[in-house]
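Written below as structure tokens is the structure these notes are about.
The values are calculated or read from the model by the stated rules, or taken from the named source; none is laboratory data. Not measured: the values here are computed from a predicted model. So basically every Cβ, Gly included, is an ideal-geometry build from the backbone, and we count neighbours across all protein chains shown. The area values use the complete protein model at the heavy-atom level, side chains included, leaving out ligands, DNA and RNA. Shrake-Rupley method; radii C 1.70, N 1.55, O 1.52, S 1.80 Å.
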Amino acid sequence: MSQGFFIEAEHANRPKHGQRAQGDVFLMHKVRKKDRLVCVLADGLGSGVKASVLATLTATMAARYIESYMDVRTAAEVILRTLPVCRERRIGYSTFTIVDLHTDGDCRIIEYGNPPFLFLRNGRLEEMERWPVVLGERGELAFSRFQCSTGDRLALFSDGVSQAGMGEPATPLGWGVEGVARCVQEAVDREPQISARVLATRVVHRACGADGGRAKDDITCGVIYCRKPRKLLLMTGPPFARDKDAALARRFDEFEGRKVICGGVTARIVARELKREVQIDLATVTDDLPPLARMAGADLVTEGAITLSRVATLLDQGAETPALKPNAATRLVDLLLDSDVIELVAGASVNEAHQDPNLPVELDIRRNIVKRIAGLLEAKYLKKVDVKFV
């Protein structure tokens, strides 16, 4: 990575009130061999299942064509020829925004029908040059190309965001792109290191609020943040050999970044080797998860298998933690998603309590739980994960 930054990409969305299917689709794919991130925001015409299918088709095709370095105009023409045209409104059945960002900073953006993207550098919004590409009766798209650097942010959003609040007394013509820009700028001003995930969520929350809490259209915001990587160490389980305890504790002590321990035995090993105390926080007991603990040098200390199994489930379901009751699992999910480079260190010693065939299948041996979490973080959340068994 010649620019030395990590690309964080996240999104948040809300379907139109009364609809279960999301008519907007935000697709992101990391091309690891070529150090590229491709993101597509597609907005299907209308709402519901039909819009969702068309948006998914558009996003999938766009990502595939751009990944293959197809010419911008050619890619757009292929997509638009494939999609049908609404007979009444004479417009394509989906609009889209495509971002192709390399880790060397080279960024290409293609926009067709969606509100214009926002670009922040040094925490301030900047106007970006756009070149029109005429597509005949299909109208035209806008093409941008520029160099990104550490600290830059991109915000993409559907018209459900910019048109939020339309008809309301405070915003008779809708929130507008200017309103979205103010929201993004204010959020970055208040919290200069705000993550892509949190910023996208705030924009969607504000847009839904402008609609009176009931989204009048599908609302989606995606944020891309070029930043220095945030590192996290997660340790769980005792080493296979007891003579490795000291090395495990030393690795914990020397790690530069946030540190999490999952498992009472693991916490006791680290505390013993580093001569620290582990204190159980009984105030954090919940009906279904064991309490948290505290130890000097650790950002979070939790129980092991049950908590990790719940974390895996939350990651698989989409990790919408703000809507959930705070507990050990949601706190760990938040730490994982706000990190970029994650090191998972799992002890290979078998805990016999987790081999009981009468226990739920989620309480599989530690190795499988850790592998499942690592796989979800890499595939679904584009994190860089290194798994080590000791």
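General remarks:
- Checking each residue of segment 137-155 against the condition of being modelled with pLDDT under 95, within 22 Å of the chain's Cα centre (by Cα) and hydroxyl-bearing (Ser, Thr, Tyr) gives at least one match.
- Within segment 242-252, the set of residues being open to solvent by less than 30 Å² (accessible area, probe 1.4 Å) and free of Cβ contacts under 8 Å to residues at least 60 places away in the same chain comprises ASP245, ALA249, PHE252.
- Within segment 105-123, the set of residues being open to solvent by less than 30 Å² (accessible area, probe 1.4 Å), assigned to a strand (DSSP E or B), of a type outside the set (Phe, Trp, Tyr) and under 17 Å from GLU77 (Cα atoms) comprises ILE109, ILE110, GLU111.
- Test set (1) of a type in the set (Gly, Ala, Ser); (2) modelled with pLDDT of 85 or more; (3) open to solvent by 20 Å² or more (accessible area, probe 1.4 Å); (4) on the phi < 0 side of the Ramachandran plot - ALA51 fails condition number: (3)
- Filter pass, PRO239 being in a loop (DSSP other than H, G, I, E, B) and either surrounded by 20 or more Cβ atoms within 10 Å (Cβ to Cβ) or over 30 Å from the mean Cα position of the chain (by Cα) (or both): yes
To keep it simple, each residue is scored yes or no on (1) surrounded by 15 or more Cβ atoms within 10 Å (Cβ to Cβ); (2) out of contact with any Leu (no Cβ under 6 Å at 6 or more places or on another chain); (3) modelled with pLDDT of 90 or more; (4) of a type in the set (A, V, I, L, M).
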position: GLU254; (1), (2), (3), (4): no, yes, yes, no
position: GLY257; (1), (2), (3), (4): yes, no, yes, no
position: CYS262; (1), (2), (3), (4): yes, no, yes, no
position: GLN279; (1), (2), (3), (4): no, yes, yes, no
position: ASP287; (1), (2), (3), (4): no, yes, no, no
position: LEU292; (1), (2), (3), (4): yes, yes, yes, yes
position: ALA296; (1), (2), (3), (4): no, yes, yes, yes
position: ALA305; (1), (2), (3), (4): yes, no, no, yes
position: VAL311; (1), (2), (3), (4): yes, no, yes, yes
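- Number of positions in segment 261-278 that are over 17 Å from VAL370 (Cα atoms) and β-branched (Val, Ile, Thr): 3
- Checked against the criterion of being open to solvent by less than 40 Å² (accessible area, probe 1.4 Å) and polar (S, T, N, Q), segment 200-208 contains not a single residue that satisfies it.
- Near pairs, Cβ below 6 angstrom, 6+ apart or cross-chain, from segment 300-318 (free of Cβ contacts under 8 Å to residues at least 12 places away in the same chain and within 17 Å of LYS371 (Cβ to Cβ)) to any residue that is of a type outside the set (A, V, I, L, M, F, W, C) and not in a helix (DSSP H, G or I): none
- Filtering segment 157-171 to residues that are open to solvent by 10 Å² or more (accessible area, probe 1.4 Å) and in a helix (DSSP H, G or I) leaves ASP159, SER162.
- Among residues of segment 16-48, those that are open to solvent by 40 Å² or more (accessible area, probe 1.4 Å), closer than 22 Å to VAL203 by Cα and modelled with pLDDT of 85 or more, counted: 6
- Flag for GLY174 being in a loop (DSSP other than H, G, I, E, B), open to solvent by less than 50 Å² (accessible area, probe 1.4 Å) and either without any contact (Cβ under 8 Å) to a residue 40 or more places away in the chain or out of contact with any Lys or Arg (no Cβ under 7 Å at 6 or more places or on another chain) (or both): yes
- Of all the residues in segment 56-92, those that are more than 21 Å from ARG108 (Cβ to Cβ) and at pLDDT 75 or above number 2.
- Taking segment 111-131 as the range and being touching a residue at least 40 places away in the same chain (Cβ under 8 Å) and either more than 19 Å from VAL184 (Cα to Cα) or over 20 Å from the mean Cα position of the chain (by Cα) (or both) as the test, the residues that pass are GLY113, ASN114, PRO115, PRO116, GLY123, ARG124, LEU125.
- Qualifying residue in segment 267-274 (condition: of a type outside the set (A, V, I, L, M), part of a helix (DSSP H, G or I), surrounded by fewer than 21 Cβ atoms within 10 Å (Cβ to Cβ) and in contact with a Leu (Cβ under 7 Å, 6 or more places away or on another chain)): no
- Those residues of segment 36-65 which are over 18 Å from the mean Cα position of the chain (by Cα) and within 20 Å of ILE7 (Cβ to Cβ), in sequence order: ALA62, ARG64
Let's see how each residue does on (1) of a type outside the set (A, V, I, L, M); (2) closer than 20 Å to ASP100 by Cα; (3) not in a strand (DSSP E or B):
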residue: MET128; (1), (2), (3): no, yes, yes
residue: PHE143; (1), (2), (3): yes, yes, no
residue: GLU178; (1), (2), (3): yes, no, yes
residue: ALA181; (1), (2), (3): no, no, yes
residue: GLU186; (1), (2), (3): yes, no, yes
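- Of all residues in segment 319-355, those that are under 25 Å from TYR225 (Cα atoms) and modelled with pLDDT under 80 total 5.
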